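Visitor: Before we start, here is the structure in question, set down as structure tokens.
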Amino acid sequence: MATQKLYAGAKLREMRTRLAVTQKEFAAKLGISLPYLNQMENNNRPISTTVVLALAQEFGMDVTELSTGDSERLVSDMREALADPLFADNMPPLADLRLTASNAPALARAFIELHRTYRQTHERLASLDEALGREDAQIQASPWEEVRDFFHYCDNYIDAVDRAAERFAAQAADVGDIRKAAVESLSAQGIQVSFADIETLRIYDLANKTLRLSSRAAPQTQVFQLLLQVALINQDKLLEATLDFAKFQSEEARSIAKIGLANYFAGASLMPYATFLAAAQEARHDLELLSNRFGASIEQVAHRLSTLQRPGAKGIPFFFVRVDQAGTITKRHSATRLQFARFGGACPLWNVHRAFETPGHFLRQLAETPDGVRYISLACDVSKSGGSFGAPVRRYAIALGCETRHARALVYADNLDIDNASAYEPIGISCRICERQTCHQRSVPPLERRLTIDAHTRGTLPYQVT
């Protein structure tokens with residue numbers, strides 16, 4: 001595959017602004033002319049290797065910040081929005097979308113937000129009989145989606161919260177002592193911790209300063225809930241400051257995000273960054289080994305692996321996704337070029353959907369997306385028992401993966417025929433923007449292709465994509 005040129009003018013401008021230097025001063029330190037810098041900042045020229053080296057040497061910058069991760073996300077999200085039938089006759093070429101994401105990312109985000117509002121307006125109108133007469137029927141962004149997008153565009157890494165969790169975890173002499181450290185931290189605040197035979201995972205009585213945890217929950221879940229409560233009580237100022245920075249549109253979104261940040265703190269405390277990154281590299285990212293070492297569930301480990309994007313100490317860029325039995329994505333994050341559909345389910349050819357058929361087993365898959373990028377994907381069932389006979393079981397499956405260029409660092413890549421092109425299954429993002437012409441699982445036609453319909457001929461699909 002040909003090496004892609006690096007166009008990152010917006011990020012280069014952001015770095016210069018952060019350093020509070022003029023273009024002239026910045027160009028002098030980089031050893032280039034002012035017009036050349038101006039051309040790079042406006043994406044008229046790619047960022048050269050000389051400039052990348054100068055950024056690292058002169059300013060000590062983590063040059064991986066120049067990667068096109070944000071642009072790829074924006075392009076993917078814009079393509080999905082433009083796949084709406086509303087734009088059927090006005091689909092701009094991919095090159096235009098890439099220019100918009102690189103040169104005008106704020107405009108791209110505004111367009112995505114506008115389309116999301118349009119979708120929600122359309123859905124509300126479709127159920128107008130339920131909305132009539134209700135005081136809360138005004139149109140506004142879904143709090144859940146707003147929070148999801150906040151973490152998505154933060155690369156699922158919140159530095160201040162992650163480092164605070166790492167400092168807290170340092171209080172534990174050993175990885176297994178984090179539970180004790182959490183209880184002692186709460187006790188120091190006058191909070192009494194107890195376990196009871198209850199269905200609810202965690203109940204905190206603010207007035208009486210008592211915390212009750214379900215004795216039915218798995219040990220990993222109990223520890224996670226303890227750490228979550230530590231975050232809500234001991235790290236409240238930090239969480240609130242982070243929420244102020246995010247500027248959510250509603251109190252509901254802010255409240256959901258606060259729980260999300262507390263969950264982030266809990267996971268980062270259970271698996272502190274530097275220690276966990278070193279262990280993951282040593283274990284070649286074996287989920288079961290890491291689960292046993294850190295006392296975390298497989299899902300918690302997989303999710304944590306997808307957050308290891310600290311500048312200067314990044315882990316493998318993973319994608320992580322969780323789906324329910326209907327194929328709906330309930331958690332998603334990608335530090336790779338693979339971006340998930342914002343609405344609806346994932347590609348049915350992906351191995352994550354087959355994980356429900358083989359509970360207790362890991363499924364490996366070599367997959368290739370329409371842009372020619374190849375991935376290794378690991379999927380498994382993570383269904384959760386209700387804790388008693390007759391209690392409902394929450395059924396989920398997760399997938400964790402990365403580009404095959406990182407295969408040697410993964411134990412799951414052993415014995416896979418990575419160099420064999422025929423070993424890769426063709427997957428996509430969503431049918432409306434997938435370019436594949438012969439997919440047997442296609443549910444709707446792609447918007448960027450013409451269709452040929454012959455009433456006298458029927459293949460896998462009732463039409464041909466040309």
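The values are calculated or read from the model by the stated rules, or taken from the named source; none is laboratory data. Remember, predicted model here, so these are calculated numbers, not experimental data. Every residue, glycine as well, gets a Cβ built from its backbone with ideal geometry; the counts of neighbours run over all protein chains shown. With ligands, DNA and RNA removed, areas are computed over all heavy atoms of the protein, side chains included. Shrake-Rupley method; radii C 1.70, N 1.55, O 1.52, S 1.80 Å.
Visitor: List the extent of the Cα atoms of segment 372-466 along each of their three principal axes, largest first, rounded to whole Å.
Guide: Result, largest extent first: 55, 43, 21 Å.
Visitor: I want to check the label-to-label distance for Arg364 and Trp144. Put each point 7 Å from Cα in the C-beta direction and report it in nm to one decimal.
Guide: Between Arg364 and Trp144, the label points sit 3.5 nm apart.
Visitor: Also: At most 13 other Cβ atoms within 10 Å and a DSSP loop assignment: could you name the GluC sites (Glu not before Pro) in segment 188-252 that fit?
Guide: When the GluC sites (Glu not before Pro) of segment 188-252 are filtered for loop state and at most 13 Cβ neighbours within 10 Å, Glu199 remain.
Visitor: Can you tell me the length gained on complete extension of the stretch Ser33 to Glu357, counting 0.36 nm per residue apart and subtracting the Cα distance?
Guide: My answer for the length gained is 110.6 nm.
Visitor: Let me ask another. Counting heavy atoms of the protein chains only and a 1.4 Å probe, report the per residue accessible area for segment 268-333 as a whole number of Å².
Guide: 34 Å²
Visitor: To continue, here is another question. Of all accessible surface on the chain at a 1.4 Å probe, what whole percent is carbon and sulfur?
Guide: Roughly 52 percent, rounded to a whole number.
Visitor: Please work out, to two decimal places, the log10 of the ratio I(q)/I(0) at q = 0.12, 0.19, 0.23 Å⁻¹ from a Debye calculation in which every Cα of segment 153-208 carries one identical scatterer.
Guide: Results for segment 153-208 at q = 0.12, 0.19, 0.23 Å⁻¹ read -0.44, -0.90, -1.00.
Visitor: Still on this structure: Whole angstrom only: what separates the Cα centroid of segment 406-447 from the Cα centroid of segment 290-313?
Guide: Segment 406-447 and segment 290-313 have Cα centres separated by 25 Å.
Visitor: Could I ask something else about it? Give me the number: length gained by fully extending Ala173 to Asn42, i.e. 0.36 nm times residue separation minus the C-alpha to C-alpha distance, one decimal in nm.
Guide: In short, 42.1 nm is gained.
Visitor: While we're looking at this one, here's another question. If you roll a 1.4 Å probe over the heavy atoms of the protein chains, what accessible area per residue do you get for segment 360-466, in Å²?
Guide: About 58 Å² of surface per residue is accessible.
Visitor: Based on alpha-carbon positions alone, could you give the equivalent ellipsoid semi-axes of segment 307-466 from the gyration tensor, as √(5λ), descending, whole Å?
Guide: Semi-axes (√(5λ), whole Å): 29, 22, 15.
Visitor: Follow-up question, since we're still on this one. 222 nm [θ] for the chain, helices only, -39500 (n - 2.57) per DSSP H run of 4+, per residue, to 500?
Guide: Taken over the chain, the calculation gives -12500 deg cm²/dmol.
Visitor: Could you list, bin by bin from short to long, the percent of Cα-Cα pairs of the chain in 20 Å steps?
Guide: 20, 54, 25, 1
Visitor: Among all stretches of the chain without exposed trypsin sites (Lys or Arg not before Pro) (DSSP loop, at most 12 other Cβ atoms within 10 Å), which one is longest?
Guide: Between exposed loop sites, the widest span is 248-449.
Visitor: Return the loop-located GluC sites (Glu not before Pro) in segment 331-428 (DSSP other than H, G, I, E, B) with at most 13 other Cβ atoms within 10 Å of their own Cβ; answer none if there are none.
Guide: Listed in order of number, the matching sites amount to none.
Visitor: Give the calculated FRET efficiency between Ser422 and Arg450 to the nearest 0.05, with a Förster radius of 22 Å applied to their Cβ-Cβ distance.
Guide: E between Ser422 and Arg450, to the nearest 0.05, is 0.15.
Visitor: Given Lys11/Lys314; Lys258/Lys331; Lys209/Lys237; Lys180/Lys209; Lys237/Lys331; Lys237/Lys258, which pairs have Cα atoms separated by over 21 Å?
Guide: Table pairs above 21 Å Cα-Cα are Lys237/Lys331.
Visitor: So if R0 is 25 Å, what FRET efficiency would Val373 and Ala313 give, r being the distance between their Cβ atoms, rounded to the nearest 0.05?
Guide: The calculated FRET efficiency here is 0.50.
Visitor: If you project the alpha carbons of segment 217-374 onto their three principal axes, what span does each projection cover, largest first, in Å?
Guide: Computed over the Cα atoms, the extents are 44, 38, 37 Å.
Visitor: Suppose every Lys and Arg Cβ carries +1 and every Asp and Glu Cβ carries -1, with no other charges. What dipole size does the chain come out with about its Cα centre, to the nearest 20 debye?
Guide: Here the size comes out at about 420 debye.
Visitor: Distance in nm between label sites at Ala56 and Phe245, each 7 Å beyond Cα in the beta-carbon direction?
Guide: Each label point is offset 7 Å from its Cα along the Cβ direction, giving 2.6 nm.
Visitor: So if R0 is 45 Å, what FRET efficiency would Thr328 and Val411 give, r being the distance between their Cβ atoms, rounded to the nearest 0.05?
Guide: Working from the Cβ atoms, E equals 0.90.
Visitor: On to the next question. Using only alpha carbons, build the gyration tensor for segment 212-301 and give me the equivalent ellipsoid semi-axes, biggest first, whole Å.
Guide: Computed over segment 212-301, the values are 27, 17, 11 Å.
Visitor: Using the Cα atoms as the points, what is the convex hull volume per residue of segment 2-61 in Å³?
Guide: So the per-residue Cα hull volume is 77 Å³.
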